[in-house]
Amino acid sequence: MASLAQQKSLGAFYTSEPVAQYLVRWAVRSKTDTVLDPSCGSGVFLSAAVTRLRELGNTRPEVCGIDIDEAALRCARSCVPAARLVDDDFFSIKPGELPTVTAVVGNPPFIRYQSFNGSQRTEALNRAREAGIELPQLSSSWAPFLIHATRFLRTGGRLAMVAPAELTHAKYAAGVIKLLTQRFERITVRLFQQKLFPELSEDTLLLLCENYGPPCDWFGVSPAHSIHRIGETDDISIPVDIDGIRSGQIRLTRYLLSPKAVHLYEDLSQREHIARLGQTADIGIGYVTGANDFFHLSAADVRKLRIGPNFLKKALVSLGAHRGSVFGQEDWSAISRKGHKVFLLALPTCGMDSFPRSIQNYIRLGERDGISRRFKCRVRSPWYSVPHVRIGHAFLSYMSGEGPRLVANSAHAVAPNTLHVVRFFRPGDAPQFVVGWYSSLTRLSCEIEGHALGGGMLKLEPSESERIRVALPLRSDLLTLRAQVERHLRDGDNRAAMDLADRHILRRRFGLSQNECLTLRQAAEELGAWRMHK
């Protein structure tokens, strides 16, 4: 078997027997079925397929496995002697070079785009292009792998695969969804509250596609607690909006909610004065230094290095220690007194000779320490000038546990890419959105539009942030409401701040009942519970 380091390089994380058995039993339905596992590893899917076919009465099962890892293939050859094994890269095999099958099962390699490069990436993207799908260069390996795997199916065949949760939210996953809905009549996505691969930060799901040939006329989501508890209760498959999924406008996690919560959320989304954040603001990542330890300085660093104020900008690196809905000058001064790095070294794009000697010395120190050779530094000129430094009207947390926060930037600070920078088209809109952010509606919207990472973190990409709904308070209530929300947040009582926003915004302005507010809040908590178990 491959070492852990080799597994990571190959994107190979081997599947447990319960997962393999479930997928094989779903996909293999007749003794005449034939099976392909395009990344067979040590043979767990092949073994399950042979067992299943023999149970169905086939004494000479036709199963085939492909893998590039010779050690894994030796293990598979020993465990499943009845299988045909091919020692090759799946992307180098074209349809017609192997017989078509009635069932493709398996677990594709999860190689991130950073490592998925060179000729391997080129060949994989070519395979997807041959299938009619143009994937972007930033695609991870699983996407072209799934697309290529469909080309080895016979008409009427089935695909049963492990897939990363990126299938439900990544931009490049749209091409995979497009192909699947073009070529399979029925598609079911099984979501699990308990991770299928506890050792991975990657969250995964099971993809079940049947009747290869006709376009999709049924797409469903089937939630379960864990792979071990499938079948304890009646499996429920919830039909979803195929066009909405195909266009990327609807997230599958929405279908984990009760119909009552979905209806209320969709009704509110259509109302006047409930706006998407992206309708009124530009959301983008903060600046990228390439070497935060060099470019971020504390007040003590500034004094020691004798760097003048003309070459510094106030910076907020993290919202972790800040409680309020406003980050002001006093807040910035407070973290500065604690010794935090609160300045960005913001040098213009001119030659070193233009700077005071103290800054020239610091630049030379960075060059001696190899800072100028770090990737993000060496690809810009001059390396010591950080681009795209912007002062926004608010900060939005990028990754969070309890939930994302929108915080007004009254300190006029800048922020790195650990935060999103929000710039409102009309600056006067910022206070309404900051206060409205703390209602149950927005809390739920964040869970729906964001996506979970391993460990339970909620991540919001800029495009996801743009879709978040915010119920705006009346401007006549804004001054008082803003002060009260701020007080509760500063006291660490987020629930009281949400109660206040619900009462004054959702109930008073939009006419929701207390039970309807509770429905929204409980829905957000349910999705949060799913996320936190990842």
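The values are calculated or read from the model by the stated rules, or taken from the named source; none is laboratory data. Since the model is a prediction, treat every value here as computed from it, not as a measurement. Note that each Cβ is placed from the backbone with ideal geometry, even for glycine, and that neighbours are counted across all protein chains shown.
Considering only residues that are among the charged types (D, E, K, R) and in a helix (DSSP H, G or I), which ones fall in the stretch 280-300? Spell out how you get there, then give the answer.
Within the stretch 280-300, the subset among the charged types (D, E, K, R) is 282, 293.
The answer is D293, and nothing else.
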Hey, can you tell me all the residues within the stretch 469-527 that are assigned to a helix (DSSP H, G or I), more than 30 Å from A224 (Cβ to Cβ) and of a type in the set (V, I, T)? T480, V485, I505
Just a yes or no: is a residue in the stretch 45-63 touching a residue at least 24 places away in the same chain (Cβ under 8 Å) and either farther than 26 Å from N211 by Cα or in a strand (DSSP E or B) (or both)? yes
Within the stretch 508-521, can you find the residues that are of a type outside the set (F, W, Y) and crowded, with 16+ Cβ neighbours inside 10 Å? R509, L512, E516, C517, T519, L520, R521
Selection count where residues are closer than 14 Å to C79 by Cβ and among the small types (G, A, S), scope the stretch 18-67: 8
Pick from the stretch 318-339 the residues that are touching a Ser or Thr at 6+ places or on another chain (Cβ under 8 Å), crowded, with 18+ Cβ neighbours inside 10 Å and modelled with pLDDT of 95 or more: which of them is farthest from V485 (Cα to Cα)? F327
Between a residue in the stretch 492-504 that is on the phi > 0 side of the Ramachandran plot and not assigned by TED's automatic domain parsing to the domain that holds S445 and any residue that is among the basic types (K, R) and buried (at least 22 other Cβ atoms within 10 Å of the Cβ), which pairs come within a Cβ distance under 8 Å, given they are 6 or more apart or on different chains? none
Is the stretch 190-202 home to any residue that is more than 21 Å from S16 (Cβ to Cβ) and crowded, with 19+ Cβ neighbours inside 10 Å? no
From the list A72, A20, A82, A12, which one is out of contact with any Leu (no Cβ under 8 Å at 6 or more places or on another chain), over 21 Å from A149 (Cα atoms) and modelled with pLDDT under 95? A82
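Considering only the stretch 302-316, state which residues are farther than 20 Å from D331 by Cβ and part of a helix (DSSP H, G or I).
The answer is R303, K304, L305, N310, F311.
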Hits in the stretch 313-330 (condition: farther than 18 Å from L344 by Cβ and aromatic (F, W, Y)): none
Unmet requirement for D493, which otherwise passes all of (1) touching a Leu at 6+ places or on another chain (Cβ under 6 Å); (2) surrounded by fewer than 17 Cβ atoms within 10 Å (Cβ to Cβ): (1)
The number of residues in the stretch 23-41 that are of a type in the set (S, T, N, Q), under 17 Å from I93 (Cβ atoms) and either modelled with pLDDT of 95 or more or surrounded by fewer than 24 Cβ atoms within 10 Å (Cβ to Cβ) (or both) is 1
Given the conditions (1) at pLDDT below 95; (2) assigned to a helix (DSSP H, G or I), and given that A430 satisfies all but one, which numbered condition is not satisfied? (1)
I'd like the full set of residues that are in contact with a Phe, Trp or Tyr (Cβ under 7 Å, 6 or more places away or on another chain) and among the small types (G, A, S), limited to the stretch 340-397. A346, G366, S372
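Condition check ((1) surrounded by fewer than 22 Cβ atoms within 10 Å (Cβ to Cβ); (2) over 20 Å from Y265 (Cα atoms)) across all residues:
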{"position": "R378", "(1), (2)": "yes, yes"}
{"position": "P382", "(1), (2)": "yes, yes"}
{"position": "G403", "(1), (2)": "yes, no"}
{"position": "N409", "(1), (2)": "no, yes"}
{"position": "T418", "(1), (2)": "yes, yes"}
{"position": "F424", "(1), (2)": "yes, yes"}
{"position": "E449", "(1), (2)": "no, no"}
Does the stretch 506-520 hold any residues that are among the basic types (K, R) and out of contact with any strand residue (DSSP E or B) (no Cβ under 9 Å at 6 or more places or on another chain), and which are they? R507, R508
On the basis of being of a type outside the set (S, T, N, Q) and at pLDDT 95 or above, does R151 make the cut? yes
In the set A76, A143, A124, which member is buried (at least 22 other Cβ atoms within 10 Å of the Cβ), touching a strand residue (DSSP E or B) at 6+ places or on another chain (Cβ under 7 Å) and either on the phi < 0 side of the Ramachandran plot or not in a loop (DSSP other than H, G, I, E, B) (or both)? A76
Being assigned by TED's automatic domain parsing to the domain that holds D203 and at positive phi is the requirement here; does G175 meet it? no
Only residues that are in a loop (DSSP other than H, G, I, E, B), in contact with a Pro (Cβ under 7 Å, 6 or more places away or on another chain) and under 18 Å from V414 (Cα atoms): list them for the stretch 374-404, please. S385, H393
Among (1) hydrophobic (A, V, I, L, M, F, W, C); (2) more than 25 Å from the chain's Cα centre (by Cα); (3) in a strand (DSSP E or B), L159 falls short only on (2)
Search result, residues across the stretch 309-357 that are under 34 Å from the mean Cα position of the chain (by Cα) and charged (D, E, K, R): K313, K314, R323, D331, K338, K341
Among the numbered criteria (1) touching an Asp or Glu at 6+ places or on another chain (Cβ under 6 Å); (2) over 17 Å from Y255 (Cβ atoms), which single criterion is violated by Q182? (1)
